[in-house]
Structures are given as structure tokens and as C-alpha cells.
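K.L.:
Structure in C-alpha cells, see below.
The values are calculated or read from the model by the stated rules, or taken from the named source; none is laboratory data. Note that the structure is predicted; figures quoted are calculated from it, not measured. Every residue, glycine among them, receives a Cβ derived from its backbone with ideal geometry; neighbour counts consider all protein chains shown. Ligands, DNA and RNA are excluded from the accessible area calculation, which covers all protein heavy atoms including side chains. Shrake-Rupley method; radii C 1.70, N 1.55, O 1.52, S 1.80 Å.
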Amino acid sequence: MIELKSAGEIAAMREAGRVVAAVQSAVRDRADIGVTLRQLDEVARTVLEEAKAGASFLGYHPSFGATPYPGVICTSVNGTMLHGLPTSYRLRDGDLLSVDCGAIVDGWHADGTVSLTVGHARAEDLKLIRVAEETLAAGIEAAVPGGRMGDIGHAMSTVGRGAGYGMQNDFGGHGIGRSMHESPWVPNEARPGRGLRLRPGLVIAIEPSLMAGGGDEYYMADDGWSVCSADGSRSVHVEHTVAITENGPVVLTLP
């Protein structure tokens, strides 16, 4: 069942979105050579606690997850594209890091991801992040009343694939609200003019991921959570929670 949100409910989700943005900012500031992923998770926990917000991810246990999720953020490094666990791994010079966070405020969820570099950035990594952000922006721009869900996926794949990057379509976006994952499914790649008609009040997480090697294949790591590019190529993930309104898309996970 798809639940459309009222203006007041979207405003409440905006508060959760601000917390997500605050977590991302704090983690970005702390991410440096020698810092562990677990330490970044502690930074995120502190921000959530100070905001009196809940953690959408902590304890989450979907069918594909080996165990309940142990952290409040996902920390995916280099060839890990999605759902990387916050472990004792110490960040190294030149690492590529994606940070995914979900927050709950007054029962409403928001979900967002940023990708960044650590230390001396590789030019090809900066390009990968830029294209991923452009891919996400194209999807958001297509999230307009009267459009179709397929328009969002088509807009994103046009940008991402047009730059020569690989895109998987098994882990995509989703509806969001009282639950972190709600209907409908939001594909990373789709045919335009197809799928669900977009209506005001629909709130979705749009979250493309790109693989630098150009292939679409991936595998699940032994930890039962991390989704990794099959060819070992560098990968990124970006995401915003977006409300579709009469006046067009509104991003809820901005500062």
C-alpha cells in the first residue's frame, strides 16, 4: 500500500532529514586518515543522541541481511558499493567512502547518503562522485506530479550509463515515512513513461549507485551485508529523501 503524506507530515519528515544532513556533515568532518569506521559510527550516534533522534538502521534485519544491522550508519569503502559495516578498518589516504544514514524524529524517517574522499583524492574518484551526484539530481528533477516512476530511473541511467559507469538495479530506492522502507520501489534504471503515476504527497528515497568499471555485476561479502562490485572497481552511492509536491520535488535531507 502506498501512503501519501500531508504537508504537515512532510514537514515532520523534513526535521528527520535535517538530522541526517547533520550526521553526514559531522562524519565528513571526522573522516580522515587513520580514523576507523567504527569511530565514524560513534560520531553519528552522538549527533543522533544530541538531536534526540532514533537510528533507522540500528537493529534493522531485512531478508538479505545476515544479522541485525549493528551500526547507525553504513560505511562503504572503495569497492564496497552499499551497506558496508562500521568496522575497525582504518581509513587510508585516497580511500573512497560512502556514508548512508537514516534518522527518526517523532516517528518519521529520513534517509540519505553522501560519498567523499579521504586524504589525497584521485581525479577519477572525484569524477565518479560528481557523476553520481548528477545522476541523483536528474532523478530528483524527474520526480514531478503527473510523471511516471520509470521517468526517474530513465533519467538517472541516462546520466550514469552515459558516463560509462555500471549501475545495478537490485538495490534501489523506496518509499519512506513511518517506516524506513515503504512502497513503492524506486528503480535506478527504467523505461520512461512506465510505472506508477507520481502524485503530490508521495515521499521517496532516490539512491543511485555507480561502479567505475562499467559492469553491473556485484556480490555480497562474507559479512553478509556489504554489496561489492564484482570487478573490484571503485563504487559510490548517493541518496536523498524527496517529497513530490504540487510545486515539484522537495529534497528533505538537506541541512
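K.L.:
Could you pull out the residue among LEU58, LEU82, LEU48 that is within 25 Å of GLY177 (Cβ to Cβ) and open to solvent by 20 Å² or more (accessible area, probe 1.4 Å)?
P.N.:
Of the residues listed, the single one that is within 25 Å of GLY177 (Cβ to Cβ) and open to solvent by 20 Å² or more (accessible area, probe 1.4 Å) is LEU58.
K.L.:
When region 109-128 is examined, which residues are found to be open to solvent by less than 20 Å² (accessible area, probe 1.4 Å) and either part of a helix (DSSP H, G or I) or of a type in the set (Lys, Arg) (or both)?
P.N.:
ASP125, LEU128
K.L.:
What number of residues within region 109-158 are under 17 Å from the mean Cα position of the chain (by Cα) and touching a residue at least 60 places away in the same chain (Cβ under 8 Å)?
P.N.:
Result for region 109-158: 19.
K.L.:
In region 223-255, how many residues are surrounded by fewer than 21 Cβ atoms within 10 Å (Cβ to Cβ) and among the hydroxyl-bearing types (Ser, Thr, Tyr)?
P.N.:
2
K.L.:
Another one. Find the residue count for region 52-80, including only residues that are closer than 23 Å to TYR165 by Cβ and not in a strand (DSSP E or B).
P.N.:
Of the residues in that region, 2 qualify.
K.L.:
Confirm whether GLU189 is touching a Ser or Thr at 6+ places or on another chain (Cβ under 6 Å), under 28 Å from GLY146 (Cα atoms), charged (D, E, K, R) and open to solvent by 20 Å² or more (accessible area, probe 1.4 Å).
P.N.:
Against the criterion (touching a Ser or Thr at 6+ places or on another chain (Cβ under 6 Å), under 28 Å from GLY146 (Cα atoms), charged (D, E, K, R) and open to solvent by 20 Å² or more (accessible area, probe 1.4 Å)), GLU189 qualifies.
K.L.:
Shifting gears a bit: Yes or no: VAL99 touching a Lys or Arg at 6+ places or on another chain (Cβ under 9 Å), more than 24 Å from GLY173 (Cβ to Cβ) and aliphatic (A, V, I, L, M)?
P.N.:
Here the answer is no, as VAL99 does not meet what is asked.
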